[in-house]
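Notes to accompany the following structure.
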Ligand code: ADP
Ligand code: MG
């Protein structure tokens, strides 16, 4: 249908991992739609299936049951329309920054002079001008994550899947990178799914936050972020008067999802 703006969809998605210890239901009956250009976050306790969801969206494996759609088409494997960025930057130490950022292009057989010039432009836009000939060990953690972002963006995916990309960084760097990532993805009109442990990060960066519960992983709540917070940069959003209420709302949902009340760790 013309004007249909659904970019990612999961319908009735359940996933069972099977290994030598048996079978375990990681996610159950997920229903999720992400609009083109939308930025959503997935939050939830460890083990609730966040990475499993991203992997299925990325086409790394099919769900045991249900269907995953990308721009209305069934996902049958990895696609150049989808970029995946992880907590660990996985830069190759023996490759220059430019060659690290160009890996996706190389794999896609699109690494030529024009594409490499594009990589240099991207590195510059991400605050790493002139760094192409340097090596990963010369860079700080925050700079390395920017290279990882450049690598993810270099192949021009329409969708970015971000699995806790900021969680290994110092607070100061993390806040700067949140701003940079949001600004860049917005400017380029990308659709994004961010997994994070950090509720403030989810509230500050997203249009919508999905709260997941564990055992099995399922959606327990969904919160639309108020417009004034959405429009502010993540750094500014945290200072807005309405921010605390959004944070508290997410906290309450997450707490309820975890079983709430007593934290009896066994
Ligand atoms: P999260 O990213 O939210 O921490 P995961 O998606 O990594 O959660 O895991 C969801 C559940 O599936 C957990 O119970 C985890 O132990 C299990 N799981 C994840 N990967 C595998 C695997 N390869 N084999 C078996 N179980 C797995
Ligand atoms: Mg995970």
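The values are calculated or read from the model by the stated rules, or taken from the named source; none is laboratory data. Just so you know, these numbers come straight off a predicted model, no measurement behind them. Cβ placement follows ideal geometry from the backbone for every residue including glycine, while neighbour counts extend to all protein chains displayed.
Considering segment 46-82, and only residues there that are exposed (fewer than 13 other Cβ atoms within 10 Å of the Cβ), away from ligand 1 (no atom under 16 Å from the Cβ) and farther than 21 Å from residue 185 by Cα, the residue that is nearest to the chain's Cα centre (by Cα) turns out to be 77.
Only a single item in (1) within 16 Å of ligand 1 (Cβ to nearest atom); (2) without any contact (Cβ under 8 Å) to a residue 24 or more places away in the chain; (3) outside the structural domain of residue 219 (by TED's automatic domain parsing) is not met by residue 107, and it is number (1). Just so you know, in segment 88-102 the residues that are surrounded by fewer than 18 Cβ atoms within 10 Å (Cβ to Cβ) and within 20 Å of residue 58 (Cβ to Cβ) include one that is modelled with the highest pLDDT, and it is 90.
Within segment 198-212, the set of residues being more than 15 Å from ligand 1 (Cβ to nearest atom) and in contact with a strand residue (DSSP E or B) (Cβ under 7 Å, 6 or more places away or on another chain) comprises 203, 205, 206, 207, 208.
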